[in-house]
DNA sequence: TATAAATAGGATAAAATTATCCGAAATAAA
DNA sequence: TTTATTTCGGATAATTTTATCCTATTTATA
C-alpha cells in the first residue's frame, strides 16, 4: 500500500512527535532503533520531511530532529504520505490507465474510488497527535 | 496499490473473458495491444494465471488463451490479485510491522483495517463477468 | 578558536520489480 | 511427416526502490 519510505516516514514522525512533546530532540540513530528501520535511509526520508516543512532539523552538537508542538496536533498523515509518496495513492488509476475518470473509467473505477476515498478520509483525519498518544499510553507500537 | 504485474493480469483476464464469451482464443500479442502492456511481460503473467487455474492456454497453431465460460461468472478479482501479488494486500501491516494484530497493533492498525476490509470486500465481490460486460457495452475501458 | 557532535547531500551498491530475448516444447494443418 | 504457429520457461537486461557510505557543512561547547 505505502512504500517502505513512507512507512518509515510515518513511524519516524510519530516518534519525533512523542519526543518533541517532551522537549527532546532525537537523532536518526535513535529514531532508526526505535522504529526498526535502516538508519541512513531513514535519515534521507527525514530530510524530505524537513524540506516539506513537516519537521525541523537542528545541525551540530546537541542537534537532531524535532517538531513544533502546535504542529503535532495539526499535522495529518495525509501530509506525510504526500511529502514522501506524492499523490499517486490518490490520483492514480487502479489499473494504470493514463486517463481514468467518470467519462473514461477503467473497469474498476467506481468500486476503487469508494475504497480510495475512504483511505483518503482516514489519512486526512488522522493526526500525529492521536497516533503519538496511543504509543505513549502503550496502546500501539512502533516496531516488532 | 496493485503492482504493474497485477494491473496487467486483471486487464488481461477481462480481455480474455470478453473473447471467450464469444468463443475466441486470444494471443499475448493481441492481449498486450488491447490492454496497452509489454507483451513478453504480460505473457509471463498469463503463465502464472494458467498455473493457478484461472485461465487455460492452448499451445501450437490456433492456440492462445481462453477461460471456461462458467469461470467468467465465478472468478473474482480477489483470486487474480492473489495469484499474482499473493496475500500481502490483505495481511501485511500498514506500517510494515512483523507482528500487527489486536494485541500488538501498529499505530494505524484499526483505521487501516477498515479500509483494507473494504478493499477485500470489493475484490471478493467483483467478478470478471461484471467487468467484461461493462467493457462490451462501452461503459468502461481497458486502455488509454 | 579549536574540537567534537550532528545533519546534509552526493555517490554508490543491493535488491526488487518490470521488461526483453531466445530456444524448447507442443500442436494444428498442410 | 513436415512445417508453421504458438505457449513455456530460462537467461538476461533495464528501471525503480531500498539501502549504505563518505565527505562537507553547521553548531554547541570546552
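No value in this document is a laboratory result; all are computed from the given coordinates. Computed from a predicted structure; not experimentally measured. Neighbour counts run over all protein chains shown; Cβ positions are idealised from the backbone, glycine included.
Miscellaneous remarks
- Sorted by Cβ density within 10 Å, fewest first, the residues B:104, A:109: B:104, A:109
- The Cα trace of the protein assembly as shown gives Rg and Dmax of 22.3, 73 Å, the first to one decimal, the second as a whole number.
- Here the alpha carbons of the stretch A:32-93 define both size measures, Rg and Dmax, at 13.2, 47 Å.
- Values of log10 I(q)/I(0), in the order q = 0.13, 0.15, 0.17 Å⁻¹, for the stretch A:4-136 under a Debye, Cα-only, solvent-free model: -0.58, -0.72, -0.86
- Relative contact order of the stretch A:1-75, pairs being alpha-carbon contacts under 8 Å that are 6 or more residues apart, as %: 34 percent
- Alpha-carbon centroid distance for the pair the stretch A:60-132 / the stretch B:32-98, whole angstrom: 28 Å
- Relative contact order (%) - chain B, alpha-carbon pairs under 8 angstrom, separation at least six: 29 percent
- Relative to the compact-globule estimate of 2.2 N^0.38 Å, the Cα radius of gyration of the stretch A:81-127 comes out at 1.21.
- Most mobile listed residue (A:15, A:112, A:65) in chain A, GNM with C-alpha springs under 10 Å: A:112
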